[in-house]
Amino acid sequence: GGQIVSFASAESQVSLRGGDGSSLGRLTDGNNLTCDESHIWSAPFRDAEAPALRFDFGRETSIGAIRIWNYNKSRIHSHRGVREIKLVLDGVCVFHGEVHKAPGIASEAWKGAETILFTTDEKTIEN
């Protein structure tokens, strides 16, 4: 199976295999249009060292798009989201830039999502 690894700092590393209910499991639980803390993930970091995530699918996998949902707990807490990301696939930087700030309202959570496309297939784009 696959694995998600979070590097909150050089000293700490958290790993998740499968859906064990840990906070990292929230990254891929499919509940995106939410302000519910049980479906939101964040990591502490120091200014000099930004957190990193590594997704290992466990096998060669085709990806048509990646959607990044920003932190959306509330309007007051939406500033905790990420501003700039660097997305690297197989050692190649495919995106480096700013992402949308979440609105802090569940019904408008899609405004805090950034979609990075790797296809022109209409069915993939619609989903």
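Observations
- Count of segment 56-101 residues which are under 23 Å from S38 (Cβ atoms), of a type in the set (D, E, K, R) and not in a strand (DSSP E or B): 4
- Considering segment 62-74, the residues that are touching a Cys at 6+ places or on another chain (Cβ under 8 Å) and crowded, with 16+ Cβ neighbours inside 10 Å include one that is nearest to L117 (Cα to Cα), namely N72.
- Members of segment 107-122 found to be among the charged types (D, E, K, R) and either open to solvent by less than 50 Å² (accessible area, probe 1.4 Å) or part of a helix (DSSP H, G or I) (or both), listed by number: E108, K111, E114, E122
- Subset of segment 94-115 (residues that are without any contact (Cβ under 8 Å) to a residue 60 or more places away in the chain, touching a strand residue (DSSP E or B) at 6+ places or on another chain (Cβ under 8 Å) and closer than 26 Å to S74 by Cβ): G97, E98, V99, H100, A102, G112, E114, T115
- Residue in segment 57-75 that is within 16 Å of T28 (Cα to Cα) and modelled with pLDDT under 80 present: yes
- When segment 75-96 is filtered for residues that are among the aliphatic types (A, V, I, L, M), surrounded by fewer than 10 Cβ atoms within 10 Å (Cβ to Cβ) and under 24 Å from F57 (Cα atoms), only V92 remains.
- Check on G104, modelled with pLDDT under 85, open to solvent by less than 70 Å² (accessible area, probe 1.4 Å), at positive phi and in a loop (DSSP other than H, G, I, E, B): no
The values are calculated or read from the model by the stated rules, or taken from the named source; none is laboratory data. Just so you know, these numbers come straight off a predicted model, no measurement behind them. Glycine also receives a Cβ, built like all others from the backbone with ideal geometry; neighbour counts cover every protein chain displayed. These accessible areas exclude ligands, DNA and RNA; they are computed on the full protein's heavy atoms, side chains included. Shrake-Rupley method; radii C 1.70, N 1.55, O 1.52, S 1.80 Å.
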